[in-house]
Amino acid sequence: MLDRIREGSQSLWVKIFLVLIALTFALAGIGGYIANQPEPAVALVNGEEITQVEFERAVENERSRQKQQLGDFYDQLARDPGYTQNLRARVVNDLVNQKLLEQAAKAQGLRASPAQVKAAIRDISSFKVAGQFDNDLYQTTLRSLGYTPDGFAALIRRDLVTQQFVQGLVDSEFVLPSEVDSTQRVLGQLRSGRFAELTTADYLDQVEVTDTAIESWYNENIERFAIPEQVKVAYVLVDAGTIAEEIEVTEEEVQAFYEGNERRYSEAPQYRFSHILIEAGDDEAAAAAEAQALLEELQQGADFAALAEEHSDDIFSGEQGGDLDWIEPGTMDADFEEAAFALESVGDITGVVETSFGYHIIKLTDKKPGSVTPLAEVRDEIVAHLREERVKQRYYELQQDVTELTFEIPDTFAPVTEDLGIEVQRTDWFSRENAPAVMRSPAVLAEVFSADLIAEQLNSDLIEISDTESVVVRVIDHKPASTQPLSEVREQVAENVRREEAQELALQAADEVLTQVRTGEPVNSVEFTPVTEVSRQTTGLPRAVVQSLFSMAAPAEGSVNVDTATTASGNVVVVVLSSVSEGSVDPARTTQLQEQLKNNYMQQMYQAVIEALRSDAEIEILLNSGNEEE
């Protein structure tokens with residue numbers, strides 16, 4: 001029980017919905033917010049799409065989180081196709097839940113005010129320097145991620161509304177002081193009594209195993225002796241990692257690439273602008289008039305920063321005097337950029353500029369000349385890039401060569417070894433359940449256990465098992481599914497029968513002892529071990545004894561309760577509970593335990609909400625219907 005409470009307090013949803021939204025959560029939201037092109041969908045939730053872009057962002061976010069958490073072990077896991085499939089399926093499920101919550105919040109008419117959005121953004125740790133919100137970092141981060149300030153604010157507004165909906169439900173949970181006190185007393189109970197252990201091995205000599213018992217046990221448990229279908233496989237592996245070890249990049253190639261890609265290592269001139277934004281709202285004429293009036297004030301010598309701080313509807317740049325930081329072409333609205341980059345001298349101001357966001361007045365506040373990064377500073381980057389491109393090219397060429405050679409002579413890999421130097425490898429016998437790592441891909445397993453490949457024993461097509469590995473397989477031997485005959489496993493079956501019958505004898509003896517204890521008769525057949533003030537966390541006793549002590553009701557005064565249990569080793573214990581001491585209430589733990597209990601109730605409420613929403617929703621998962629490779 002305590003473990004469940006602790007798990008509840010550490011649950012993922014608590015961190016998501018009871019703490020201000022983290023940047024990584026926001027970035028796993030509506031991908032393609034600023035894109036106008038339709039994207040393929042991975043799921044439909046009540047007719048609304050979850051786009052491929054949204055899904056891939058969420059997958060990448062989850063991969064980054066797990067890599068940070070697991071370290072080097074993550075790379076080993078990531079090579080397992082099953083692990084990747086499970087991760088992607090889990091992400092789709094999470095996005096469906098998120099979409100359902102959004103829809104439910106919208107149906108309730110919930111809203112988030114501009115002040116709430118502003119406060120939430122300012123509280124995101126990724127936008128802070130030395131604990132304070134940094135507008136430059138905010139603007140730079142958004143541009144690098146492809147978001148406009150308005151687009152990102154809309155994303156945060158959506159998540160805040162969802163948060164309101166969830167909190168409105170789960171915050172209705174409460175814990176009474178009496179519940180906390182009662183829980184403390186139960187968790188802190190100490191129980192006393194005694195137990196006797198009847199060892200199964202002591203009864204083995206009393207068991208006579210008959211042929212009939214052996215045959216009966218074998219037939220009743222025949223699934224234990226099933227031998228799955230097995231194959232032996234020969235294969236050739238095209239591995240980009242091996243190719244990379246053979247690639248060398250010369251200084252002449254590095255120099256040529258640097259000179260041929262000068263723009264990549266050049267920084268274009270940069271411009272810094274400030275602006276005053278008047279949103280159009282419901283009255284465009286009034287907004288245009290307000291912007292024109294502000295322009296006239298500027299033309300008469302008014303301070304741009306002061307007017308921006310007082311009048312601009314851009315909630316963040318306004319506090320910075322309208323400052324938008326350094327901007328490169330292609331990052332802002334086209335109408336905005338056309339007017340802004342037409343300014344020539346620092347201090348120049350545009351007229352009133354109409355864009356899809358409203359009416360702007362733009363001021364050029366600074367300029368930076370372009371620059372060129374020296375070759376020495378980017379040499380390692382160029383070498384890595386050239387090596388990667390060479391590996392990709394050579395990998396693709398090898399794939400084509402292997403495909404051609406294994407198709408032309410489909411019953412051997414000899415030409416692949418002779419012409420390409422790729423070694424032929426062979427597996428031992430394996431089934432679908434214990435396939436070696438290179439065979440675990442669903443696509444590979446489907447091939448090696450296919451009827452055609454088994455019957456013909458010819459080379460398969462080239463199968464891509466990851467971004468860097470491809471394989472061609474050929475089944476060289478096959479064993480159909482079968483069952484081990486009784487003659488091969490007779491001794492094993494006989495031993496199982498002997499142990500089960502010995503345990504049954506031990507249980508019968510334990511029942512006799514249990515009856516004697518209940519009726520108050522003296523017990524001479526076993527020796528009891530007394531236990532005093534055992535807690536739930538006691539480790540010095542068989543776990544079955546502790547669990548049995550705490551599963552029984554407290555005995556009436558002057559009496560005992562008794563029960564039997566089976567230990568992990570198969571022995572039988574008779575457990576007698578004689579007294580129960582209630583735990584004490586520790587005021588120092590009350591607040592913490594109350595919060596843990598509340599979090600546990602809230603988690604249960606959240607799960608119930610999700611289940612209810614899913615039961616009433618029309619959900620269609622499209623993840624494997626053409627938008628990703630099988």
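The values are calculated or read from the model by the stated rules, or taken from the named source; none is laboratory data. Predicted model, so just to flag it, every value in this text is computed and none were measured. Neighbour counts are summed over all protein chains in view; Cβ atoms, including those assigned to glycine, are modelled from backbone coordinates with ideal geometry. These area figures cover heavy atoms from the full protein model, side chains too; ligands, DNA and RNA do not enter into them. Shrake-Rupley method; radii C 1.70, N 1.55, O 1.52, S 1.80 Å.
As a quick test, which of the pairs K367/K392; K67/K392; K99/K363; K118/K367; K99/K392; K99/K598 have an alpha carbon distance above 31 angstrom in this structure?
Beyond 31 Å: K367/K392; K99/K363; K99/K392.
So what is the accessible area of the stretch 185-276 per residue, in Å², with the probe set to 1.4 Å?
Each residue of the stretch 185-276 exposes 55 Å² on average to a 1.4 Å probe.
Give me the mean projected area, in nm² to one decimal, of the convex hull enclosing the Cα positions of the stretch 332-474.
Taking the Cα atoms of the stretch 332-474, their convex hull projects to 17.2 nm² on average.
Which of (1) 1.00; (2) 1.13; (3) 1.09 is the computed Rg/Rh (Cα atoms, Kirkwood Rh) for the structure on display?
(3)
Please report the net charge: other residues with Cβ closer than 10 Å to the Cβ of L577, K and R +1, D and E -1.
Result for the local shell: +1.
Can you compute 3J(HN,Hα) from phi for each residue in the stretch 326-338, using the Karplus curve 6.51 cos²θ - 1.76 cosθ + 1.60 with θ = phi - 60°, rounded to whole Hz and x for Gly and Pro?
In residue order, the calculated couplings are 6, 10, 10, x, x, 10, 10, 4, 4, 5, 4, 5, 4 Hz.
Rank-order 389-397, 311-319 by packing density, defined as the average count of other C-beta atoms within 10 Å over each peptide's residues, highest first.
The densest-packed peptide leads the list: 311-319, 389-397.
First select every other residue whose beta carbon is under 11 angstrom from the beta carbon of V175; then total the charges, Lys and Arg +1, Asp and Glu -1.
Result for the neighbourhood of V175: -3.
Roughly how many percent of the accessible protein surface of the chain is carbon and sulfur, given a 1.4 Å probe and a whole-percent answer?
Within the chain, the accessible surface is 47 percent carbon and sulfur.
So how do 585-591, 303-309 stack up, highest first, on mean other-Cβ count within 10 Å?
In descending order of packing, they fall as 303-309, 585-591.
Could the peptides 366-373, 155-162 be put in order, highest first, of the mean number of other beta-carbon atoms found within 10 Å of their residues?
Answer by packing, highest mean first, reads 155-162, 366-373.
Given +1 on the Cβ of Lys and Arg, -1 on the Cβ of Asp and Glu, and no further charges, what dipole in debye does the stretch 231-348 carry about its Cα centre, rounded to the nearest 20?
So the dipole magnitude of the stretch 231-348 works out to roughly 560 debye.
Where nothing but the Cβ of Lys and Arg (+1) and of Asp and Glu (-1) is charged, how large is the charge dipole of the stretch 479-537 around its Cα centre, in debye to the nearest 20?
300 debye
Quick one: net charge around T373, please, counting Lys, Arg +1 and Asp, Glu -1 for every other residue with C-beta under 14 Å from its C-beta.
Result for the neighbourhood of T373: -3.
Could you state the accessible area per residue of the stretch 411-514 in Å², with a 1.4 Å probe and every protein chain left in place?
Result: 55 Å² per residue.
For the chain, what does the relative contact order come out to in percent, with C-alpha contacts under 8 Å and a separation of six or more?
With pairs under 8 Å counted, the relative contact order is 26 percent.
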